[in-house]
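To start, the structure under review is shown below, and the notes come after it.
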2 protein chains.
Amino acid sequence: MADARERFPSLDPETLTPRQGTTAYPPAFRAVCDGRAKRALGTVFALTQFGVNLTELAPGAATAQRHWHEAEDEFVYVLSGTATLVNDAGETDLPAGHCAGFPAGRADGHMIVNRTERPVRLLEVGTRAQADRIHYPDIDLFLERGVGAARCTRKDGTAY
Amino acid sequence: MADARERFPSLDPETLTPRQGTTAYPPAFRAVCDGRAKRALGTVFALTQFGVNLTELAPGAATAQRHWHEAEDEFVYVLSGTATLVNDAGETDLPAGHCAGFPAGRADGHMIVNRTERPVRLLEVGTRAQADRIHYPDIDLFLERGVGAARCTRKDGTAY
């Protein structure tokens, strides 16, 4: 990875091109992430055990559909703006400097949304487990990931 | 952990009491971390797969002795102030918003130092491997950690 070697072992994330939106979900569930831009910081340094994203949420955008992981710990730190955590307990404002954490296997679907009219910046950290199962309490979606394969299905296991 | 339950799943790190300095090293090597204050953010949320520290370095303080891990990926993001990365390549200034990453097994000893006269704040992320061996190129120290046991020795294996 030429990109990584040139910058090793430090970098200004602004020099990376962000990835806009998501195509991981079936089309009907993608809109919530249209205003999400991610810079993948961990992979640039050849990290393989956890991922780190510098994520910017435009007004109205979310990090993901509300979900929880069977196998991967997750952590979020708000760098600027005010984010809103949505989980089973309701909504909690997270101003800059606040953080949130979601241990693997805790069945509390969560997402971070920007309910304000200014951009929100987050650092997101997540383990890279070899296999995982991701649950989405609000929508008819289930994601199973094994070694080298990811599969989005309806909750009854049928394909999209 | 009552502390974790009360705050779950989000918190203002300012509400946590920082841990000052380190006692993990033999006494002769501790001074470099005297001005280091850490708030352990991952453990508060019961995360076990990686650790997250909000670390403040007073002028002159460092995150650690210069080291590298055989088993654990590490990542650092500068929140405020200007940090200096010290590694085999020399010294690199990391202003707020810059980051650095150190994959497991890369034999390039590194530490982050505050060479300025103002505090530096960092987010530090590191995998929690079950076992690890940590190398210190500048000093006569070797650290081996297995399940539930850590052992600091001289490089020839003799005890401190």
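The values are calculated or read from the model by the stated rules, or taken from the named source; none is laboratory data. Because the structure is predicted, anything quoted here is derived from the model rather than measured. Ideal geometry is used to build each Cβ from the backbone, glycine not excepted, and the neighbour counts take in all protein chains shown. Heads up: the accessible areas ignore ligands, DNA and RNA and are worked out on the full protein's heavy atoms, side chains in. Shrake-Rupley method; radii C 1.70, N 1.55, O 1.52, S 1.80 Å.
Summary table
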| item | result |
| --- | --- |
| Where Rh is the Kirkwood radius over Cα pairs, Rg/Rh for the protein assembly as shown | 0.97 |
| In range of the label at B:Glu14: residues from region B:113-150 whose backbone nitrogen is under 19 Å from the point 7 Å along Cα→Cβ | B:119-123 |
| Pseudo-label separations to other copies for B:Ala71 - Cα-to-Cβ vector, 7 Å, nm | 2.0 |
| Ellipticity estimate at 222 nm from DSSP helix runs (n ≥ 4, -39,500 (n - 2.57)) divided over chain B, nearest 500 | -1000 deg cm²/dmol |
| Exercise: per-residue mean of other protein chain Cβ atoms within 10 Å, B:42-48 | 5 |
| Carbon and sulfur %, accessible surface of region A:2-130 computed with the full protein complex present, 1.4 Å | 48 |
| For region B:64-160: span of alpha carbons on each principal axis (Å, largest first) | 39, 24, 22 |
| Using a 7 Å Cα-to-Cβ projection, B:Pro18 label spacings across copies, nm, ascending | 3.0 |
| Label point 7 Å beyond Cα along the C-beta direction, distances from A:Thr43 to other copies (nm, shortest first) | 3.3 |
| FRET efficiency for B:Asp93 and B:Ala58, using Cβ-Cβ distance with R0 set to 22 Å, rounded to 0.05 | 0.80 |
| Highest average packing first - A:135-142, B:59-66, B:152-159, Cβ atoms within 10 Å | B:59-66, A:135-142, B:152-159 |
| Per-bin percent of Cα-Cα distances, region A:2-130 [10 Å] | 13, 42, 36, 9, 0 |
| Charge context of B:Cys152, other residues only, Cβ under 14 angstrom, K/R +1, D/E -1 | +2 |
| 17 Å cut-off, amide nitrogen to a point 7 angstrom out along A:Ala71 Cα→Cβ, residues in region A:37-54 | A:48-51 |
| Per residue value of the accessible surface for chain A (all protein chains in place, 1.4 Å probe), Å² | 45 |
| Shielding score for A:100-112, defined as the mean number of other chain Cβ atoms within 10 Å | 4 |
| Total accessible surface hidden between B and A, rounded to 100 Å², 1.4 Å probe | 2900 |
| Shielding by other protein chains, B:12-22, mean Cβ within 10 Å | 1 |
